[in-house]
1. As an exercise: evaluate N214 against (1) outside any helix (DSSP H, G or I); (2) out of contact with any Phe, Trp or Tyr (no Cβ under 9 Å at 6 or more places or on another chain); (3) over 14 Å from A182 (Cα atoms) and give the number of the one condition it does not meet.
2. Being near the ligand (Cβ under 9 Å from one of its atoms) and in a helix (DSSP H, G or I) is the filter here; which residues of region 127-139 pass it?
3. Looking at (1) at positive phi; (2) more than 10 Å from the ligand (Cβ to nearest atom); (3) within 21 Å of the chain's Cα centre (by Cα), which is the one condition that is false for G24?
4. Do we have any residue at all in region 48-58 that's within 19 Å of M201 (Cα to Cα) and touching an Asp or Glu at 6+ places or on another chain (Cβ under 9 Å)?
5. Please list, ordered by first then second residue, the pairs with beta carbon atoms under 9 Å, 6 or more apart or interchain, first in region 27-38 and within 18 Å of V195 (Cβ to Cβ) and touching a residue at least 24 places away in the same chain (Cβ under 8 Å), second of a type in the set (S, T, Y) and open to solvent by less than 30 Å² (accessible area, probe 1.4 Å).
6. Does region 148-159 contain at least one residue that is open to solvent by 10 Å² or more (accessible area, probe 1.4 Å), at pLDDT below 95 and not small (G, A, S)?
7. Looking at (1) under 22 Å from Y98 (Cβ atoms); (2) within 13 Å of the ligand (Cβ to nearest atom); (3) touching a residue at least 40 places away in the same chain (Cβ under 8 Å), which is the one condition that is false for E82?
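The values are calculated or read from the model by the stated rules, or taken from the named source; none is laboratory data. In this text, all values refer to a predicted model and were calculated from it rather than measured experimentally. All Cβ positions, glycine included, derive from the backbone under ideal geometry; neighbour counts span all protein chains shown. Just the protein is used for accessible areas: all its heavy atoms, side chains included, with ligands, DNA and RNA removed. Shrake-Rupley method; radii C 1.70, N 1.55, O 1.52, S 1.80 Å.
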Amino acid sequence: MENYDNIMHLGNPTNTIAVLNRYGFNFQKKFGQNFLIDENVVNKIVREAGVTKNDFVLEIGPGIGTMTQILCENAREVVAVEIDNKLIPILTKDTLRYYDNVSVINEDILKLDINKIAKEHNDGKPIKVVANLPYYITTPIIMGLFESNVPLDSVTIMVQKEVADRMQVGPGTKDYGALSLAVQYYAKPEIVLNVPASCFMPKPNVDSAVIKLNRYQAPPVDVKNEHLMFNIIKASFLQRRKTMLNSVGNTLNNISKEDLKEALRTLNLSETIRGEALTLEQFAALTNLLYK
Ligand code: SAM
């Protein structure tokens, strides 16, 4: 169906409360349930995700379907994965019942084979992921999507404001760390919207931001062994205040301090440099020198 004029959109407190009351729904803290109640924010997220009628969209954590409705109206097809079985009848029998281009899967996204979904619904071509997630699973979900080589066009995701900052920053700032480097190896991050806590029900304790991660077709740096590079990165940031020589040299058994000193010298980097000062390019170059 293409005429959505009579559909009750949920992006406001009145309609959201009406749905919750109809089903006697209680928010589950353990699932990080904070539902969007601002229609402008919902529309803006879908717009920034660049969703068109050619697109297949995977939505993670639809809640009562507030953003799912708008996704259905803009995408060719939507699959929404929701862990809470109490929300399934609300979605399928009520808030999404007028849309014929959506399927709801009651599952934990971390247990789902997303490659299979991309194959079945999008011929294995790059998909768009849109999500407003509980903050505690943000990192595993993003890294899972990247590392399992799901064909991805972009991931547009609501995260805690400071996590968005962490994903976007470069060396020399306090937020720079292993997450920044991991995200920036796979994608170009861009904060597209700041969302105050008042846009959610119930109101969370922190402000949020929507970040769009545009997946690179090829990584921006050449590295001989990704696994080794990420081990070096993780070891470098285990103790931020330590020099790389100590943090990496003492943590990774397969890298001797002598080899590390030599590699740093080759790259014209000081022996006392800390991981937080290195760019992704420098981590890649260091890895290539240390890889045997
Ligand atoms: N997208 C809705 C919105 O914006 O109003 C709901 C957002 S709420 C912050 C997060 C949603 O993700 C909840 O509906 C929650 O039940 C669901 N969720 C939490 N953990 C999940 C998981 N591991 N897999 C799938 N859904 C999950």
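1. With (1) outside any helix (DSSP H, G or I); (2) out of contact with any Phe, Trp or Tyr (no Cβ under 9 Å at 6 or more places or on another chain); (3) over 14 Å from A182 (Cα atoms) applied to N214, the lone miss is (3).
2. Y135, Y136, I137
3. It fails just one condition, (3).
4. No: zero hits.
5. Here the result reads N34/S208; F35/T16; F35/T66; L36/T16; L36/T66; I37/T16; I37/T66, each pair linking region 27-38 to a residue that is of a type in the set (S, T, Y) and open to solvent by less than 30 Å² (accessible area, probe 1.4 Å).
6. yes
7. It is condition (3) that E82 fails.
Conditions tested, residue by residue: (1) closer than 24 Å to D38 by Cβ; (2) at pLDDT below 95; (3) surrounded by 15 or more Cβ atoms within 10 Å (Cβ to Cβ); (4) in contact with a Lys or Arg (Cβ under 8 Å, 6 or more places away or on another chain).
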| residue | (1), (2), (3), (4) |
| --- | --- |
| D108 | no, no, no, no |
| K128 | yes, no, yes, no |
| A131 | yes, no, yes, no |
| G170 | no, yes, no, no |
